[in-house]
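Below you'll find the structure, written out as structure tokens, and then a few comments.
The values are calculated or read from the model by the stated rules, or taken from the named source; none is laboratory data. Bear in mind the structure is a predicted one, so any value in this text is a computation, not a measurement. Please note: Cβ atoms are built from the backbone with ideal geometry, for glycine as well, and neighbour counts cover all protein chains shown.
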Amino acid sequence: MGNRFQGLDRFAAGAQYIGGRLRPGTSGRGHTVVDPATGDDVLTYALAGSADVDAAVAAARDAFPGWAGATPAERSEAMHRFAARLAERAEEFAQAESLQCGKPIKLTREFDVPGTVDNTAFFAGAARHLQGQSAGEYSGDHTSYIRREPIGVVGSIAPWNYPLQMAAWKVLPAIAAGNTIVLKPAELTPLTSLLFAQAATEAGIPDGVVNIVTGAGKEAGEHLVGHPAVAMTSFTGSTAVGKRVAEIATATVKRLHLELGGKAPFVVFDDADLEAAAHGAVAGALINTGQDCTAATRAYVQRPLYDAFVTAVADLMATVRLGDPFDESTDLGPLISHAQRDRVAGFVDRARSYATVVTGGVAPHNDGAYYRPTLITGAAQDSEIVQAEIFGPVLVVLPFDSDEEGLALANDTPYGLAASAWTRDVYRAGRATREIKAGCVWVNDHIPIISEMPHGGYKASGFGKDMSTYSFEEYTQVKHVMYDNTAVARKDWHRTVFGDR
């Protein structure tokens, strides 16, 4: 199976990173990271308990004054070193990510790791550009200006589907703005989050600025969100869990950022390039084995192209190669676990009673959590397979007639994270980007992200932005400062309280 990252050796001291060092958790319970491609154990570690969360928050709180007081240039220089360190260790990160997630190595080498390095370099530059409104005399007698100030200790929770990138999306804007952070990665996939924090320390970012607590959601996660010394929570995960996070955060009146589930529509108009749309649908549906909240999951195809699109997608799906994630020819790895594979299979098996499984819909006979690329047709718009987030390599295709109908169907789920429109008509494209209710709408592509542009949802997909300078809106307090310019003891407005003009 190739030369694999050795998690046991790398994290023998524990899977918690607090105040610049690894340490074991104190919950009294253990957890095992499992390679989903083989079922082999990768690392058994002690989970974090509430005491570990308290220690991490204390470390972050102690580090906050010094980090917040650093100049933007000082924070920027440290983060540039951070980006360089990540680039130096790129192969180690790629192997660790592929091992714990089952991602094909070509995905981690070409997408996850380079994207994280680029994101780090972007925020290293953005740290020097925390902008506010220009100073001015808006009242005539006073000068006003805006300060952007860090919030304090951020408590963030990241999911298992993109552990490295999600660690970066949480940590980077927070620390670029001068905050300190405690991040809880998913228990299934802590390896690259821990490596990420270690690389920050190696780059000279002070101890306590970036802390990792690896524990269960009920114990470590909820304690982190509800901690009175945590000023902000950022959560990425399911909408159901996001509601619970919001409930806890609201009780302590803290800043909240939620990036939740998705059910991205893929709208193909009858003038679209059929070959491009079919290739885009397969890539957009199967990236990361479909475990992506922006993955193409619902293809709506205008009726003149519908049959040809279904045939083209089925043919392309048949060429996708499942295999060892460390084999560079592998296209599709396993799902994160056997439980997730069985969950996906359950959706497909239930759909057989009301829809047609055109291709796929089976799990290969091996030890890994694999599931074949699956194409479904004939489902009703209100069916489970169309409305629910499956989080697996499953694409449902439905026809539509008028442009109005296609766009209405695209908006007809509770989610609004991402979408795409496929057309050669600039007016159709413009209408689609205006009318589809999603945080990102691609035209003639699906999935690409860039550090300079924001990521976040509408509706039940949450609120707030990751990446880009727009993310600073989540991680900074805006303060209005106002100076009197008159040096007059008795102001004209005082007469509203005492005296006459």
Kindly provide the set of residues from region 71-80 that are surrounded by fewer than 17 Cβ atoms within 10 Å (Cβ to Cβ) and charged (D, E, K, R), ordered by number.
-> GLU74
Restricting attention to region 335-373, which residues are of a type outside the set (A, V, I, L, M, F, W, C), closer than 28 Å to ARG4 by Cβ and out of contact with any strand residue (DSSP E or B) (no Cβ under 8 Å at 6 or more places or on another chain)?
-> HIS338, GLN340, ARG341, ASP342, ARG343, HIS365, ASN366, ASP367, GLY368, TYR371
Quick one: is TYR300 surrounded by fewer than 24 Cβ atoms within 10 Å (Cβ to Cβ), hydroxyl-bearing (Ser, Thr, Tyr) and over 17 Å from the mean Cα position of the chain (by Cα)?
-> no
Only one of ALA55, ALA48 that is surrounded by fewer than 22 Cβ atoms within 10 Å (Cβ to Cβ) and modelled with pLDDT of 95 or more = ALA55
Single match in GLY368, GLY346, GLY360 (criterion: within 18 Å of PRO36 (Cβ to Cβ), in contact with a Pro (Cβ under 7 Å, 6 or more places away or on another chain) and not aromatic (Phe, Trp, Tyr)) = GLY368
Checklist (1) under 29 Å from ALA176 (Cβ atoms); (2) modelled with pLDDT under 95; (3) not hydrophobic (A, V, I, L, M, F, W, C) applied to ARG490, failing item | (1)
Considering every residue within region 75-96, establish whether at least one is assigned to a loop (DSSP other than H, G, I, E, B), more than 23 Å from the chain's Cα centre (by Cα) and in the same structural domain as ALA167 (by TED's automatic domain parsing).
-> no
Got a number for residues in region 37-68 being in a helix (DSSP H, G or I) and either touching a residue at least 12 places away in the same chain (Cβ under 8 Å) or of a type in the set (A, V, I, L, M, F, W, C) (or both)?
-> 18
From the options GLY140, GLY132, GLY178, GLY155, residue that is in contact with a Pro (Cβ under 8 Å, 6 or more places away or on another chain), assigned by TED's automatic domain parsing to the domain that holds PRO228 and either assigned to a loop (DSSP other than H, G, I, E, B) or buried (at least 24 other Cβ atoms within 10 Å of the Cβ) (or both) | GLY178
Look at ALA355 and say whether it is of a type in the set (A, V, I, L, M, F, W, C), in the same structural domain as ALA283 (by TED's automatic domain parsing) and more than 30 Å from the chain's Cα centre (by Cα).
-> yes
Complete set of residues in region 1-21 that are surrounded by 18 or more Cβ atoms within 10 Å (Cβ to Cβ) and in contact with a Leu (Cβ under 8 Å, 6 or more places away or on another chain) | PHE5, GLY7, PHE11, GLY14, ALA15, GLN16, TYR17
Do the conditions hold for LEU107, that is, is it part of a loop (DSSP other than H, G, I, E, B) and of a type in the set (A, V, I, L, M)?
-> no
Quick one: how many residues across region 22-36 are closer than 13 Å to CYS101 by Cα and either free of Cβ contacts under 8 Å to residues at least 12 places away in the same chain or of a type in the set (A, V, I, L, M) (or both)?
-> 2
